[in-house]
Structure formats: structure tokens, C-alpha cells
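Take a look at the structure set out below.
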Amino acid sequence: MGDRVDDPAADAGDLHRAAFEEAAVGLAIVSPAENRILDANRHLCRLLGYEPGHLTGLPLSELVARPFTSEGLQSWRGADGRAVEVRVTRSGAAGRTLVVEALDPDEAVRAEQNREALTAAGLGEWRWDAGSGRITLSRRAAQILGHPPGPSLTWRALRAGLSEAERARIGGLVRDALAQGRASFFESRIVRSDGREVIVGVRGQPLAGPEGELSGMVGVVQDITTRVEARDALLGREQRLRVATSLARLGIFEWHMLDDQAIWENERMFEIFGRTPEDGSVGKTEFLNEVLHPDDRKPVRGAISAALREEGILHVSGRIRRKSDGAWRTIEMAGRFERDAPNRLPRRLIGVVADVTDRRLAEERQSLLIRELHHRVKNTLATVQAIVGSTARTASSIESFYEAFVGRIMSLAHTHSVLTEDTWQTASLRSLLVNELKPYAEGPMDGGADGRVTLAGPSVDLASEIAVPIGMAIHELTTNAAKYGALSTRGGRVAVSWSVQPGGRAGILHFAWRESGGPPVEPPRRQGFGSRLLQRVLTTQVQAEVTTDYAPEGFSLTMLAPLPPRNEALNPLV
């Protein structure tokens, strides 16, 4: 055998072929017309799912999903028909060698069009390099922050636009995110270099170096000034609405019709219905069938149906049973039905609820007081008319008429004053007696040795319908005693006692007036106004049993009068 002679050209060709086949990227040599693959290495075959050598001779139209372009991001078709995202660049003489690389999914979307979409969405990109400490801004990020684009921004220059509190807050957020290896996000108000104030939203992702160390961060920034101001304005309106409804003690609710679910927006709703958050809210079915008073269910259903058919505004009132104590409360409800589109069924009802029980009671009490006032004025005028007529018939002169008339009118006015000042519209029996007898008492009226007048009895409040005639009767008894009876002399005494005995709807008042130590008593020869008042008025207006005794040692009167029950509607404290 002869010795082998080395051929440098052959060796070089073998090396080039080996490099072509073993390249870590896909390589393909295409025909001058770029319509067919003349050769392809193993990496490209594996990438597209072909056996080695099976790509040679295939037209590019069978491999490229779209019309072939010379370079850039492309979608090629694999052997099984699946799409394979690749990046194509040209190399070699006349650019006939195609370098085909598989794309990472994230890299596949980083096209220039995506960059334009980011800009259109108001997002600017940034990158911070830990080694140099510089921040690189995209054009959009530079526009937002008011700094030149590129790697010209330092953290010192950027933090100058932040307040001291914001620097500390943002620093803490970023440090926590870096410690946990997660993305960070914050919103902040920043003053640009041109003095304009903007609110930005910043998102950042840490980057790790070869040894796992922090090498930098990348992220996006967005101008959210308009959005935040709109959000703050909306929150402000909502807060003002909540304050207003809280001051007005209104409950706010939403009722979703399709699933019959109610959302109670504030605590007042739970207070009105006597429920806790654990009890949950009340939907329409439970409200109409269980919570609402049976007599109010039909009109409330009718009001809801009318609001659905017509303008969509609901105004309704009714009584509900409060869960916490079982009490019936009167509520008023107002709301609006919302529709997704005209001529479609409403989707939800948004409204407010007010507990108007106290207001209704106050209105009823006011109406009753007005009727009571009318009745009292009518009776007072009739009493004044009777006083005028009777006083005129019994008076012997103008002076005696004036004296008697003024005294009776003043007594009547005092009784009315006591009634008006009392919250229950009642008058104390003791106060009526003290007002008439105090000028003659000459000392304490509790039974002392020096007192000419003795009062003994429990606290009794007289309703208005009996306080006026009894007050007038006390005035007449006092006047008669001062003119003709025990109080007309220094040694005369008057003892008044009373008690409440069982009977009637609110008890029987036992009232006793006894005079002693005065001039001898004789029965009257004719009946004056006082006598008629004691006998007729007390009998007819008070339904009292009156007994008088004109014993020589002193006049006495006993009265048994049924006490009317208190009218709860006249009590403003209820």
C-alpha cells in the first residue's frame, strides 16, 4: 500500500461540513430563487420534527405558514403540521444561508408592533442596572417621567421628585418584593423636572445574575393621573353619599332580580331590620312573605309591579317585623330599577330605606294634640261664657262682678298654664290646691301647728279633661271659704285630703274638703255660680259624685271622681 497524502482542501471541507451539521442553531441553504431548500442541518430538522436529510429539496412554501419573508419573526410548519415560532436571519454569501432559531414564548411577543401597543396603552418600559446604578427609559417612559430617554437617569435624580414619606414607603415595598423574589407594584405622586405633577403606576421585576445575585430590574411605568383623580373623585362622592345617608339614617341596598339576592351596603340596613351581618340580608321573597306585615303585602307588591311597568321609580311604605325584638316598625323605601338596555327587564333595584316609625308617631301625636287643643279651646270658651253669665247674675255691683270674674279667669288661666307646661298635658292636684290656698296658709301646708291650711295626699296628675273643672271647683271653694267660711276669720282652718281608690279604668279619686274654726255655717238661701259649678260641672264634666254638708261647725265637701287613663299618644317621651 502506498502512503496517504494529506489534502488540506479536503480537510477544510470536512470541518465546514461538521460545523454546519453540529451547529446549535438551525441552518438552511436555499436556492437562488429562494423557493427550495438545498441543504439543512440536523438542528433544523429536529426543530421542525423531520428526520435528518428529509428537508433537502423541500419547497419553502411547504415549511412557511405565511408568505416567506427574508428575515424576522416567522411561523414555520413542522412535520406534524404544528406551527413553530422562529426567528430567521440571513448569513453567508449572497445571504443564501438562513439561520433559524426557536423563539421563547415571551420573546415571540416582543415585536415592534407590541412595543407600539405598549405605547398606545400608555405604558413605558424601563430598566435598572445594579452595576452602574442607572435607569434606562424608553421614549414613552421618558415622556411620562419628564427625563430624556436612554440610560441617562439615576435613582438620585428620580427620587428628587418624591416626598420624603414616599421615598421611605416605596423603598420598603421594593425591598420586600426583592427579598421574596417577586414583582413589585406601587402608585405614587411624582414631581417631574419641569415642575408638573403626575401620578404614576410602576411595576418592576427583579433580574438575577449568573450567580443568582440581583443584577437589575425591568418593568413598565404608566401615567395614571386621570384615572386616579377620577377614582378619587368617585370615592369622594361615595364617601359624601355615605355621610349624607348616615346623617339622614338611611339604609342603602341593592336587589338583584335574577337570583333574588340583596346586598346591604351599610350598617343602617341591619339596624332597621334588626339583623346582624351573620344573619345576612333579606331578598324579595323573604321580605314579602315573612318580614312585611300581612296587611301591607298586597299594596307593596302592587307598587313594585307598577314601578316595573312604568318609569322604574319605586316609592313604597309598610310595616316590617324587626328580627331582634319582634317589634313592628314602619319603613319607607325609594329606589330605581336599572336596565341593561331600553325595553329590557330591569336587572337590579338600587335604593334607600328609612325607619319612619318615630316620625309617624310624632305626626299622629301632633294631630291628636291639635284635636285636643281645639276641644280645650271650645270648652274654655264655653266655661268663660258661663263664668260671665253667672257672675253677672250674682254680682251686686260692677266692682263685685269685676273681682269675681277676674279671680275665676286667673284660676282658669293658671290651670291651662300647668297643663301646657307638663309633657303629659296633665296638672298636679297638689299644684292646683297650692296655687289657690297659699295666700291664706300663713305657714307650711303639711299639717304644722301654725298652718291654717293642711294638704295630705299622694301625687295625682289630672288629665286635661278633668283638670279644668276641678281647678275651677278648687277656686270656688277657696273663694267661698275666704269670703264666708273658715278662711274669713283668723282662727279658721281648711284641711284637704285625697287618695286614689281602686275602680274604673285608672282608679277613683277620693277628694275631701273640710273647714273648721270659722263663723257658724248656714245653708245658702240661693244657689250661686260656685254652688252650680260644684254640683253641675263636676257631675257632668267629671262624672263625679259630689256630697256637700253645711254643718254649723264648718262646711265640707266630698267628691268621688273616676280618673281617665293616660293617652300614650300625648306622651312625647314615648
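Just so you know, all these numbers are worked out from the coordinates, no wet-lab data involved. Since the structure is predicted, the reported quantities are computational estimates derived from the model, not experimental observations. Note that we place each Cβ from the backbone using ideal geometry, even for glycine, and neighbour counts take in every protein chain shown.
Between amide H atoms placed 1.01 Å from N, distances below 5 Å from Arg493 occur with Ser516, Gly517, Gly518, all of them 5 or more places distant or on a separate chain.
Dividing the convex hull volume of the alpha carbon atoms of segment 112-229 by its residue count gives 112 Å³ per residue.
Between Arg339 and Ile370, the FRET efficiency estimated from the beta carbon spacing at R0 = 51 angstrom works out to 0.65. Projecting label points 7 angstrom from Cα along Cα→Cβ for Thr89 and Leu308 puts them 6.9 nm apart.
Each residue of segment 167-175 is assigned a 3J(HN,Hα), and the resulting list reads 4, 5, 5, 5, x, x, 4, 5, 4 Hz, derived from the Karplus form 6.51 cos²θ - 1.76 cosθ + 1.60 (θ = phi - 60°), x at Gly and Pro. When each of Asp232, Asp355, Asp39 is scored by the number of other beta-carbon atoms lying within 10 Å, the sequence from fewest to most is Asp232, Asp39, Asp355. Amide H to amide H, with H built 1.01 Å from N, Ile224 comes under 5 Å of Ile199, Val200, Gly201, counting only residues 5 or more places away or on other chains. Normalised by the number of residues in segment 12-108, the average gap of Cα pairs under 8 Å and 6 or more apart makes the relative contact order 23 percent. In summary, the aspartates and glutamates within cross-link reach of Lys438, defined as a Cα separation below 16 angstrom excluding same-chain residues under 8 places away, comprise Asp446, Asp450, Glu476, Glu515. Using the Cβ-Cβ distance between Ser193 and Arg227 with R0 set to 30 Å, the FRET efficiency works out to roughly 0.85. Projecting label points 7 angstrom from Cα along Cα→Cβ for Ile263 and Ser215 puts them 4.7 nm apart. The label point for Phe20 and the one for Met410, both projected 7 Å from the Cα toward the Cβ, are 13.8 nm apart.
In nm, what is the difference between 0.36 nm times the number of residues separating Phe186 and Asp129 and their Cα-Cα distance?
Values: separation 57, 0.36 × 57 = 20.52 nm, distance 1.97 nm.
Length gained between Phe186 and Asp129: 18.5 nm.
Full extension of the chain segment joining Glu290 with Ser163 gains 40.0 nm, where the gain is 0.36 nm per residue of separation less the Cα-Cα distance. For Arg36, nonlocal amide neighbours, meaning residues 5 or more places apart or on other chains whose placed amide H falls under 5 Å from its own, are Ser31, Leu60.
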